[in-house]
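The values are calculated or read from the model by the stated rules, or taken from the named source; none is laboratory data. Bear in mind that the values here come from a model prediction, so they are computed numbers and not experimental data. Note: ideal-geometry Cβ built from the backbone for every residue, glycine included; neighbour counts use all protein chains shown. Please note that ligands, DNA and RNA were not included when accessible areas were found on the heavy atoms of the full protein model with its side chains. Shrake-Rupley method; radii C 1.70, N 1.55, O 1.52, S 1.80 Å.
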Amino acid sequence: EADIYQTPRYLVIGTGKKITLECSQTMGHDKMYWYQQDPGMELHLIHYSYGVNSTEKGDLSSESTVSRIRTEHFPLTLESARPSHTSQYLCASSEKGAFYGYTFGSGTRLTVV
Amino acid sequence: AQSVAQPEDQVNVAEGNPLTVKCTYSVSGNPYLFWYVQYPNRGLQFLLKYITGDNLVKGSYGFEAEFNKSQTSFHLKKPSALVSDSALYFCAVEGGANNLFFGTGTRLTVIP
């Protein structure tokens, strides 16, 4: 069973609201990632972190922001949600990076109405 | 830039038959390739990886993948499909900075 947790699992929210998607892992992994998964399945890396106080943008431009104040916690925030943000958001962590495999959370399915 | 392509959105196979899910790659330098599986309402799970060495890589749940440098392919295979193998399968490549970039995914359906 994966030791990486995402909350909430499902969220329906109105346009313009601020939301934070939570991601926590209990494995002590330094590296953490956020992926956005299209309704058509494709995954895009939107943010990553190599440790506390480290955050980088991924290959897909995103209006979201992330923070990494604690090793175990990597929340993603949307300041003003829009319908175009409707997607599934997957969080992952890794001890040493891609070569050693990622552990994924179960995802948050976000719908902005 | 490193990338992978999965040419089939959907693959259907009868239970007990061999299955193949295709992946081709485009990289500069040595390719580091991965397969992940996503079951309904779940995150992705690691299946197997190719870093170097034998071209045939064995992974979880009886899956294997064959690295073919001349054809720039890394197809996922299983000798005998199970209904429980029905899921989304993603090929991925290490894209620099030790991050993973995923293909568009292939939905495998195993028909009883």
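At a glance:
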item	result
Candidates A:THR26, A:THR103, A:THR55, ranked by Gaussian network fluctuation over chain A, Cα under 10 Å, top entry	A:THR26
Among A:57-69, A:85-97, B:7-19, the order from most to least packed when residues are scored by Cβ within 10 Å on average	A:85-97, A:57-69, B:7-19
Net charge of neighbours whose Cβ lies under 12 Å from the Cβ of B:LYS22, counting Lys and Arg as +1 and Asp and Glu as -1	-2
Cross-link reach list, lysines versus A:LYS57, counting only Cα pairs under 27 Å and skipping chain neighbours closer than eight places	A:LYS17, A:LYS18, A:LYS31, A:LYS96, B:LYS49
Within-13-Å neighbourhood charge of A:LEU11 [Cβ basis; K, R +1; D, E -1]	+3
Residue-wise HN-Hα coupling along region A:27-34, computed from phi with Karplus coefficients 6.51, -1.76, 1.60 (Hz; x: Gly, Pro)	9, x, 6, 6, 8, 9, 9, 10
Part-to-part distance (alpha-carbon centres) for region A:44-113 and region B:19-95, which is given in Å	24
Inter-label distance for A:VAL52 and A:HIS73, nm, one decimal - labels placed 7 Å from Cα along Cα-to-Cβ	1.2
Radius of gyration and maximum dimension Dmax of region B:3-111, Cα, Å	13.1, 40
For chain B, built as a Gaussian network whose Cα springs stay under 10 Å, the top-fluctuating residue of B:TYR36, B:TYR25, B:TYR61	B:TYR61
Percent carbon-and-sulfur accessible area, the protein assembly as shown, ignoring ligands, DNA and RNA, probe 1.4 Å	50
Separation of the B:ASN17 and B:LYS58 label points, Cα + 7 Å toward Cβ, nm	2.6
For region B:35-41, 3J(HN,Hα) per residue [Karplus equation, 6.51 cos²θ - 1.76 cosθ + 1.60, θ = phi - 60°, Hz, x = Gly/Pro]	10, 10, 10, 10, 8, x, 6
